[in-house]
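The structure appears below as structure tokens.
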Amino acid sequence: MFSFFVSFVLSALLTLLVIKLAKRNGSALDSDYGGVQKFHSHSVARIGGVPIYLAVVITGAVSVWREPSLGPWLAPLLGCACIAMAGGIVEDYTGRVSPARRLLLTMVAALLAYYLLGARLVRLDLPWGILPLQLDWIVLPLTVLAVAGIANAVNIIDGFNGLASVVTICMLMSLAYVALQVGDMFVLVTALVVAGATFGFLIWNYPVGLIFLGDGGAYFIGFMLGELALLLVMRNPEVSTWYAALLLIYPAFETIFSAYRRMFVRGKSPALPDGIHLHSLIFRRIVQWTVGPREARALMKRNARTSPYLWLFSLMAVIPATVFWKNTGALIFFSLLFVISYLWLYARIVRFKSPRWLFLHRKGRE
């Protein structure tokens, strides 16, 4: 936990510094309030990925100094992660990097990790045995698409204060726990370092949103999540591949379902943003009704009240993944249960038939 604490403190201090500098210089501020995925009412720095990455690099250097065996793994991983987040950081500053180019950079980073770290999907666990994946022309594209897809997925769920941060912290802590069980020191330390840095950012992001994660931060954390989950599973055969699938299923399925909805239901490009993600619907049709008309004008308060719904929902996957990390049958069952629950909940909210238990309370009209 030393690595977690150091990373947390560094990230908290660096994030505060970035907030001050961004306001003073007026750079990388998100002042677009009219977009379909915009839920804030004042200019906010959107470069939270910068202090998170710096905190991870500095803490990683301290960790390597204390345990030199981590160096050959951590250095190339952070180098690849820098490439993955580069497009996002430029987008945060300029707003001129297309989603396709950002995704391409993330795929390049995953390709480098494929060769430098041997981070590749070489097997698929099934209830009755193991299906080996040996052909490079199958393994390479599957690996690159999986890692890049998770990085992009974290960016997609980053819609409200604290949403992506808390969800990914829970996932990283799960990775650290399973790594501890199998004695994988590299994944354990790295997961704790990234979780600590994300937590240090979170105290300034939630609930009032003094800084946003930004595309750079989302791509960095998502890339690290994807690579660490892949390395944990591939380096430790006792960990089922379905552990990684269930652990990451919330952002992954949100992305897949969004692409399907845009292409086949609405007939639009899957890269075109819209305002009907699950978290957006909860904001508009659950939280806005719950808080009442007077407080509904306080946009940031409604923003902060949306995230806890999705935190709890994501735990439907994270908790069973952590408990049954080596039980393939149970992991497949909970994966199917999560998908069914997601589709059921989404359909109910879209049809204005939201379950009553979602409406925790409603303030009276004044």
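The values are calculated or read from the model by the stated rules, or taken from the named source; none is laboratory data. Note that the structure is predicted; figures quoted are calculated from it, not measured. For neighbour counting, all protein chains shown are included, and Cβ atoms are generated from backbone atoms with ideal geometry for every residue, glycine included. The area values use the complete protein model at the heavy-atom level, side chains included, leaving out ligands, DNA and RNA. Shrake-Rupley method; radii C 1.70, N 1.55, O 1.52, S 1.80 Å.
Yes/no per residue for (1) at pLDDT below 95; (2) open to solvent by less than 10 Å² (accessible area, probe 1.4 Å); (3) over 20 Å from ILE157 (Cβ atoms); (4) not aliphatic (A, V, I, L, M):
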{"position": "MET1", "(1), (2), (3), (4)": "yes, no, yes, no"}
{"position": "SER7", "(1), (2), (3), (4)": "no, yes, yes, yes"}
{"position": "ASP32", "(1), (2), (3), (4)": "yes, no, no, yes"}
{"position": "SER41", "(1), (2), (3), (4)": "yes, no, yes, yes"}
{"position": "GLY49", "(1), (2), (3), (4)": "yes, yes, no, yes"}
{"position": "GLY79", "(1), (2), (3), (4)": "no, no, yes, yes"}
{"position": "ALA86", "(1), (2), (3), (4)": "yes, no, yes, no"}
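Consider the stretch 314-333. How many of its residues are part of a helix (DSSP H, G or I), open to solvent by less than 70 Å² (accessible area, probe 1.4 Å) and in contact with a Phe, Trp or Tyr (Cβ under 7 Å, 6 or more places away or on another chain)?
Here the count works out to 9.
The set of residues from the stretch 95-114 being assigned to a helix (DSSP H, G or I), of a type in the set (Lys, Arg) and either open to solvent by 60 Å² or more (accessible area, probe 1.4 Å) or in contact with a Pro (Cβ under 6 Å, 6 or more places away or on another chain) (or both) comprises just one member, ARG101.
A quick yes/no check of all residues on (1) among the aromatic types (Phe, Trp, Tyr); (2) closer than 20 Å to GLY329 by Cα; (3) out of contact with any Gly (no Cβ under 6 Å at 6 or more places or on another chain):
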position: ALA153; (1), (2), (3): no, no, yes
position: THR168; (1), (2), (3): no, no, yes
position: ALA191; (1), (2), (3): no, no, yes
position: LEU210; (1), (2), (3): no, no, yes
position: PHE223; (1), (2), (3): yes, no, yes
position: ASN236; (1), (2), (3): no, yes, yes
position: VAL239; (1), (2), (3): no, yes, yes
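Yes/no per residue for (1) more than 22 Å from SER307 (Cα to Cα); (2) free of Cβ contacts under 8 Å to residues at least 40 places away in the same chain; (3) out of contact with any Phe, Trp or Tyr (no Cβ under 9 Å at 6 or more places or on another chain):
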| residue | (1), (2), (3) |
| --- | --- |
| GLY129 | yes, yes, yes |
| PRO132 | yes, yes, yes |
| VAL144 | yes, yes, no |
| ILE150 | no, no, no |
| ALA153 | no, no, no |
| SER165 | no, no, no |
| THR168 | no, no, yes |
| LEU172 | no, no, yes |
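Only one of the numbered conditions (1) open to solvent by 10 Å² or more (accessible area, probe 1.4 Å); (2) without any contact (Cβ under 8 Å) to a residue 12 or more places away in the chain is not met by LEU230, and that is (2). Kindly check whether there is at least one residue in the stretch 347-362 that is within 23 Å of ASN205 (Cα to Cα), part of a helix (DSSP H, G or I) and at pLDDT below 75. For the stretch 347-362, residues within 23 Å of ASN205 (Cα to Cα), part of a helix (DSSP H, G or I) and at pLDDT below 75: absent. Residue-level analysis places LEU175 among those that are surrounded by 24 or more Cβ atoms within 10 Å (Cβ to Cβ) and either at pLDDT 95 or above or among the charged types (D, E, K, R) (or both).
Have a look at PHE253, PHE283 and point out the one that is under 25 Å from PHE212 (Cα atoms), part of a helix (DSSP H, G or I) and modelled with pLDDT of 90 or more. It would help to see each step written out before you state the result.
Numbers: PHE283 fails: modelled with pLDDT of 90 or more.
Matching residue, one of PHE253, PHE283: PHE253.
Scan the stretch 115-127 for residues that are surrounded by 15 or more Cβ atoms within 10 Å (Cβ to Cβ) and free of Cβ contacts under 8 Å to residues at least 60 places away in the same chain and the total you get is 1. Close Cβ contacts (under 6 Å, 6 or more residues apart or on different chains) running from residues in the stretch 242-259 that are under 16 Å from ALA148 (Cα atoms) to residues that are not in a helix (DSSP H, G or I) comprise ALA259/PRO270.
With respect to (1) open to solvent by 20 Å² or more (accessible area, probe 1.4 Å); (2) over 20 Å from the mean Cα position of the chain (by Cα); (3) modelled with pLDDT of 95 or more, the lone exception for ASN25 is condition (3).
LEU70: assigned to a helix (DSSP H, G or I), modelled with pLDDT of 90 or more and either within 21 Å of the chain's Cα centre (by Cα) or charged (D, E, K, R) (or both), yes or no? Criteria not met by LEU70. Of the set (1) at pLDDT 95 or above; (2) in contact with a helix residue (DSSP H, G or I) (Cβ under 6 Å, 6 or more places away or on another chain); (3) part of a helix (DSSP H, G or I), all apply to LEU230 but (2).
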